[in-house]
Amino acid sequence: MNARRGLLFPSQAIRRGIERRGQHMMRTDPLTRFRALAESTVIKPKTLITGSLGQLGRGLGTMLRFMYGEESVVMTDIVKCDPNAPDVVNYSFLDVTNERAIEEAVVNNNIDTLVHFSALLSAVGEQNVPLAIEVNANASNKILEVARKHRLKVFIPSTIGAFGPTTPLEMTPDLTIQRPRTIYGVTKVYNELLGEYYAERFGVDFRCLRFPGIISATKPGGGTTDYAIQIFYDAILHGHHKCYLEPNTRLPMMYDTDCMAAIVFFLAAQQEQLSMRTYNVTGFSFTPDEIATAIRKVMPDFKITYENICPIRQKIANSWPKALADENARRDWGWHNDFDLDSTVQIMFALLESQIRPAEQTIAHQSA
Ligand SMILES: NC(=O)c1ccc[n+]([C@@H]2O[C@H](COP(=O)([O-])OP(=O)(O)OC[C@H]3O[C@@H](n4cnc5c(N)ncnc54)[C@H](O)[C@@H]3O)[C@@H](O)[C@H]2O)c1
């Protein structure tokens, strides 16, 4: 699966896919609000993204270029990039465990905004705890130090994984008990608190959003909510998904374009609008059974089975909120999601069909 991110907002492909089904996904073009924000922004940000080749980074890079121009983004990561990837520009190696290298990248590129995406996600983190601490926690110290020295705005995402089994799990509020039981969650709580401390103590413009599982037409990076993406690949390729979570496991989720909107609108908000530095944002919640039902509206023969439940991911999922309360973000800086479950299913089919089918046709052609 290459061409991952031509997929983020191929408005025409999306509309074609939806129209083919004679359904209406949304009232407006999903890009309208991004265009309007870009047009009203006087000083365009110059953003460095760490971990930018992951699930969220490529999409944000594409969106920032769309909004603020080709030179507005510097993309960095520690993995080699396909030289033909259409969604990666101004790319260079940056290991976030090296503070001097972060500082050099910031100075050399005249950066004013840092988006720190590098992380080991929940399931991967459990397999290498020392590395998770190094990348998820110690590197954040370095990011915040560079932000302090160079007066940067800094965004570090948090997650529903920053909550735990003692958190009230129904409509979890912004301020509540946070005693996570994964190294991912522990390091994310650390990030939230350290960032808020740097804001208070040194005036660093730290901003943080707690995301639910993000659904995008890109391969996910090893989180507990990954099934909600894999299910679409399996539906299109096999008509069948073997789910590693139990059928009634309810988790909050959000479609990718809404995630990008949350980041760019939050970063564009004036400091005076913010009554806190770490906000919940969410889209909608569902169980594996419910998303399977939504998929059957598009693909009536689709099957989901549950013979291989993953005990590690199930335990993590059971300790996470079933739904998030995000009214503070809605009130303070105007956050809202455009996509619900049905429109997410429709757009995922439209995007992945155009991604997967041509590849299949090429293979069939070559082997004929
Ligand atoms: N994807 C989601 O559903 C989701 C939900 C909530 C929060 N988040 C948060 O958003 C951020 C991005 O998530 P993602 O899904 O894109 O993750 P991902 O796993 O897809 O990507 C993370 C990237 O970090 C890079 N990385 C690892 N070690 C590094 C190092 N030492 N230096 C530099 N880069 C390094 C990896 O190469 C990878 O490309 C993470 O902080 C994650 O916790 C994601």
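Points worth noting:
- Its relative contact order, with pairs defined as Cα atoms under 8 Å and 6+ residues apart, puts the chain at 19 percent.
- Angle of helix 99-108 to the longest C-alpha principal axis of the chain, folded into 0 to 90 degrees and rounded to 10: 90°.
- On Cα atoms only, tilt of 11-20 relative to the major axis of the chain in degrees: 30 degrees
- Three-way shape call for the stretch 240-358 based on the alpha-carbon gyration tensor, with the a/c threshold at 1.5: oblate
- Cross-link table K46/K142; K46/K219; K219/K315, entries beyond 21 Å C-alpha to C-alpha: K46/K219; K219/K315
- Taking 0.36 nm per residue of sequence separation and removing the Cα-Cα distance, the T293/S275 pair yields an extension gain of 2.6 nm.
- Solvent-accessible heavy-atom area per residue, rounded to whole Å², over the chain at 1.4 Å: 43 Å²
- Helix 57-68 axis, angle to the chain major axis (alpha carbon atoms, nearest 10°): 70 degrees
- As a length-normalised measure over Cα pairs under 8 Å and 6 or more apart, the relative contact order of the stretch 194-301 settles at 36 percent.
- In Hz, Karplus ³J(HN,Hα) per residue of the stretch 308-317 (6.51, -1.76, 1.60; θ = phi - 60°; x = Gly, Pro): 10, 5, 8, x, 5, 5, 5, 5, 4, 4
- Shown for the chain: the carbon plus sulfur share of the solvent-accessible area, taken with all protein chains present and a 1.4 angstrom probe, equals 52%.
- Helical runs assigned H by DSSP (4 residues or longer) give the chain a calculated mean residue ellipticity at 222 nm of -13500 deg cm²/dmol, each run adding -39500 (n - 2.57) before division by the residue total.
The values are calculated or read from the model by the stated rules, or taken from the named source; none is laboratory data. Just so it is clear, the structure is predicted and the values come from calculations on it, not from any experiment. Side chains are part of the model used for accessible areas, which takes the heavy atoms of the whole protein and leaves out ligands, DNA and RNA. Shrake-Rupley method; radii C 1.70, N 1.55, O 1.52, S 1.80 Å.
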